[in-house]
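Single-structure report; data block below.
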Amino acid sequence: MSLEPLRYDPPLEPRLIVIHEDRDMVVVNKPSGLLSVPGRTPELFDSVLSRVRETHPTAQAVHRLDLGTSGVLVVATRRKAEAVLRQQFQDRLTRKLYLARVRGVMREDSGQVDLPLICDWPNRPRQMVCRTTGKPALTDYLVLERIAESTLVLLRPHTGRSHQLRVHMASLGHPILGDNLYGEADPAERLLLHASQLGLYHPYSGEWITFHAPCDFALHIAPMELWPSEP
């Protein structure tokens, strides 16, 4: 399988949509089409991290979102904060919720996808399901809305594998709209996947704090502090 080369044309305005800023971190609503961190070549330098460094030169990335994914992204602005935040993501102490619009009408109102993933090396950056050598990957889903030939779902990943949500939804026969790696050609102008909510412990105070970012393809959906099935 051959993949088309990346044509990088990131949105320029607004420069950054800042949700929260303090001495330890900057939290932004990343637009679709902007890299989280600079790529390996000069033409891929523009990113959330490079833009944050315009005002915070020592800023460091602690996690990433795919190029096409929008939503909450945290950047550390101090070394101590970087270490604490990185450890939280590594230890899966953070809490993430995503919104996605997928192809087709899903029958089940909720469910879980438990399929191990591994890089499809000849076709990288594609990932694939592999039950023998794949790394564990677990995703909960909840249907929020069914319209015409698509379904709006709330996704909660328990693990953070590359392309996890995209592969898991495609495995159900409902690829995320706009996904040119795991879905069919469709009219969506972007990948309809959005990091709607991120909860974490503040790296200085230790207080649990939750950040929300409005979703441009589901503005009518109110932020959810808790997964509905939980008390």
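The values are calculated or read from the model by the stated rules, or taken from the named source; none is laboratory data. Please read these numbers as outputs of a predicted model, since none were measured by experiment. Neighbour counts run over all protein chains shown; Cβ positions are idealised from the backbone, glycine included.
Note on the stretch 62-121: enclosed strands (runs of 3 or more DSSP E) holding 3 or more residues that are among the hydrophobic types (A, V, I, L, M, F, W, C) and either within 21 Å of P31 (Cα to Cα) or touching a strand residue (DSSP E or B) at 6+ places or on another chain (Cβ under 6 Å) (or both) are 70-76, 95-103.
Evaluating K30 against the criteria (1) crowded, with 18+ Cβ neighbours inside 10 Å; (2) touching a Pro at 6+ places or on another chain (Cβ under 7 Å) leaves one unmet condition, (2). Considering only residues in the stretch 122-167 that are under 23 Å from T94 (Cα atoms) and out of contact with any strand residue (DSSP E or B) (no Cβ under 7 Å at 6 or more places or on another chain), the one that is surrounded by the most Cβ atoms within 10 Å (Cβ to Cβ) turns out to be G160.
Yes/no matrix, rows are residues, columns are (1) within 19 Å of D66 (Cβ to Cβ); (2) without any contact (Cβ under 8 Å) to a residue 24 or more places away in the chain:
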{"position": "V129", "(1), (2)": "yes, no"}
{"position": "L142", "(1), (2)": "no, no"}
{"position": "S150", "(1), (2)": "no, no"}
{"position": "H163", "(1), (2)": "yes, no"}
{"position": "S171", "(1), (2)": "yes, no"}
{"position": "L181", "(1), (2)": "yes, no"}
{"position": "E189", "(1), (2)": "yes, yes"}
{"position": "L200", "(1), (2)": "no, no"}
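Scan the stretch 176-191 for residues that are surrounded by fewer than 22 Cβ atoms within 10 Å (Cβ to Cβ) and either at positive phi or not charged (D, E, K, R) (or both) and jot them down. Lay out the reasoning, then the answer.
Taking the stretch 176-191 as the starting set, the residues that turn out to be surrounded by fewer than 22 Cβ atoms within 10 Å (Cβ to Cβ) are 178, 180-190.
Matches in the stretch 176-191: G178, N180, L181, Y182, G183, A185, P187, A188.
The set of residues in the stretch 192-227 being small (G, A, S) and either modelled with pLDDT under 95 or surrounded by 14 or more Cβ atoms within 10 Å (Cβ to Cβ) (or both) consists of A195, S196, G199, A213, A218, A222.
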